[in-house]
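A.B. asks: I have a structure here, written as structure tokens, and I will follow up with some questions on it.
The values are calculated or read from the model by the stated rules, or taken from the named source; none is laboratory data. The model shown is predicted, which means the values in this text are computed figures rather than measured ones. Neighbour counts run over all protein chains shown; Cβ positions are idealised from the backbone, glycine included. We work out accessible area using only protein heavy atoms, side chains counted, and drop any ligands, DNA or RNA first. Shrake-Rupley method; radii C 1.70, N 1.55, O 1.52, S 1.80 Å.
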Amino acid sequence: VSSLFIQRCHDTFVKSPTSPSCFQHEVGAALASLGILCKQEVATAQGYTIDLVVERKGKTIGIEVDGPSHFVMQTPNGNTQLKRRQLLALGNWQLISIPFWEWDELVGSEKRQREYLVHTLDGL
């Protein structure tokens, strides 16, 4: 495989458009309400984007806000599993997933959302 072909594939992968979901905005707002600043749609050198990235207790934590398209039933689909494996292997961060069904149980209670996030982040 030629280096030009590899570069073209990488460039296409990197230029894939991203669009934060309402779910992602909700999680970002809940983090902000805790005083935790987060960056959204952070691009890695390999071309992936991480939904949210926070610094917490000296750790860089990537947060994937995973809606229904990331799962088959409640099991991460192949694309999601591959992305997680590669991000963990290639990055200097820890990675957590916030699955939609867990967040859905907290809708309507900002207090419970904040508790969930603190528990999840501190559990690393």
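A.B. asks: Can you work out which of the residues in the stretch 77-95 that are buried (at least 16 other Cβ atoms within 10 Å of the Cβ) and out of contact with any helix residue (DSSP H, G or I) (no Cβ under 6 Å at 6 or more places or on another chain) is farthest from GLY47 (Cα to Cα)? Break it down stepwise before answering.
C.D. replies: Filtering the stretch 77-95 for residues buried (at least 16 other Cβ atoms within 10 Å of the Cβ) gives 80, 83-84, 87, 91, 93, 95.
From what is left, the residues that are out of contact with any helix residue (DSSP H, G or I) (no Cβ under 6 Å at 6 or more places or on another chain) are 83-84, 87, 91, 93.
Details: LYS83: 11, ARG84: 13, LEU87: 10, GLY91: 12, TRP93: 16 Å.
The extreme case among them is TRP93.
A.B. asks: Also, I was wondering about something else. Taking into account only those residues within the stretch 1-55 that are in contact with a Leu (Cβ under 8 Å, 6 or more places away or on another chain) and assigned to a helix (DSSP H, G or I), which is farthest from ASN92 (Cα to Cα)?
C.D. replies: Checked the stretch 1-55; the qualifying residue farthest from ASN92 (Cα to Cα) is ALA30.
A.B. asks: Same structure again: Just checking, which of GLU26, GLU64 is open to solvent by less than 60 Å² (accessible area, probe 1.4 Å) and out of contact with any Gly (no Cβ under 9 Å at 6 or more places or on another chain)?
C.D. replies: GLU64
A.B. asks: If a residue must be touching an Asp or Glu at 6+ places or on another chain (Cβ under 9 Å) and open to solvent by 80 Å² or more (accessible area, probe 1.4 Å), how many such residues does the stretch 29-57 contain?
C.D. replies: 2
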